[in-house]
1. Efficiency by 1/(1 + (r/R0)^6): what FRET value for Ala98 and Arg69, r their Cβ-Cβ distance, R0 = 25 Å, to the nearest 0.05?
2. Can you give me the distance in nm between label points at Ser152 and Ile21, each placed 7 Å from the Cα along the Cα-to-Cβ direction?
3. Can you give me the Cα centroid spacing of the stretch 26-99 and the stretch 151-173 in angstrom?
4. Classify the stretch 60-134 as rounded, prolate or oblate, taking a ≥ b ≥ c as the square roots of the eigenvalues of its Cα gyration tensor: rounded when a/c is under 1.5, otherwise prolate if a/b is larger than b/c and oblate if not.
5. Run the dipole for the stretch 103-178 about the Cα centre, Lys and Arg Cβ at +1, Asp and Glu Cβ at -1, nothing else charged, and hand back the magnitude in debye, nearest 20.
6. Tell me, what ³J(HN,Hα) does each residue in the stretch 89-94 have, in order and in whole Hz, if you take phi through Karplus 6.51 cos²θ - 1.76 cosθ + 1.60 with θ = phi - 60° and put x for Gly and Pro?
7. How far is it, in nm, from the label point at Ala40 to the one at Ala76 when both lie 7 Å from their Cα along the line to the Cβ?
8. Assuming 0.36 nm per residue, please report the length gained on full extension of the stretch Asp179 to Thr57 beyond their Cα-Cα distance.
Amino acid sequence: MAAEHTSATETAPSPHRPLRIGDPAPLFHARSTRGPVDLASYRGRWLVFFSHPADFTPVCTSEFIALARLAPRFEAAGFALLGLSVDSLFAHVAWLRAIREAFGIDVPFPVIEDPSMAIGRAYGMIDQAAQDSSTVRASYFIDPNGIIRAMSWYPMTVGRSADEMLRLAAALKRVEAGDAVTPEGWQPGDPVLSPLSEETALSEPAGDWFCQRIKGV
């Protein structure tokens with residue numbers, strides 16, 4: 001697949017510095033299993049952008065089956081899903097067809113190709129000096145303004161939890177207004193925590209002022 005089909009534009013700091021929470025997500029244009037993808041077109045909505053090492057591999061297949069099953073819940077939470085590997089578009093299409101035939105699962109979200117590795121390198125999914133083009137299992141949670149709000153990286157040998165990806169997505173959206181923070185293991189509808197402030201600390205010096213739960217919304 002010709003490299004010109006994929007391009008990435010650095011909107012984040014120098015690629016020699018790893019992306020961090022709060023950085024702009026690097027923009028790109030690429031072909032996908034559902035037509036051309038322009039990252040800028042996702043502005044105005046939340047996005048979970050994730051990479052997988054290679055098509056037709058066991059761990060990646062299990063992740064895609066789980067994410068496909070949860071796709072309606074991601075959509076209901078206001079998040080789009082977008083996958084990537086350096087494999088070609090033809091390989092992606094063949095793999096998704098094989099998943100449908102073997103497991104009866106249709107993958108409803110786009111999977112983009114990155115044969116030039118331009119996107120993988122812009123996001124740090126592939127080391128700049130790496131000889132192997134396989135990406136790590138990276139996930140980027142991008143807000144409606146194109147800012148990276150959370151990231152997770154897993155090795156090729158360990159699968160991610162689709163349920164945890166959904167939980168994290170929902171938690172990020174819940175705390176966006178700044179009126180609450182979420183405790184360990186928070187699920188939508190659970191109580192949240194009141195953000196710690198200097199005013200609270202000074203006015204309520206005793207008791208549980210540093211960990212107050214408020215009704216979930």
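1. The pair Ala98/Arg69 has a calculated efficiency of 0.90.
2. According to this spin-label approximation, the distance is 1.4 nm.
3. 14 Å
4. Oblate.
5. 280 debye
6. 4, 4, 5, 4, 4, 5
7. Those two pseudo-labels are separated by 3.5 nm.
8. Contour length minus Cα-Cα distance gives 39.7 nm.
Any read-out appearing in this document is the output of simple, stated calculations on the displayed coordinates, not a laboratory observation. Quick caveat, the model's predicted, so the values are computed rather than measured. Because the Cβ atoms are built from the backbone with ideal geometry, glycine has one as well, and the counts that use them run over all protein chains shown.
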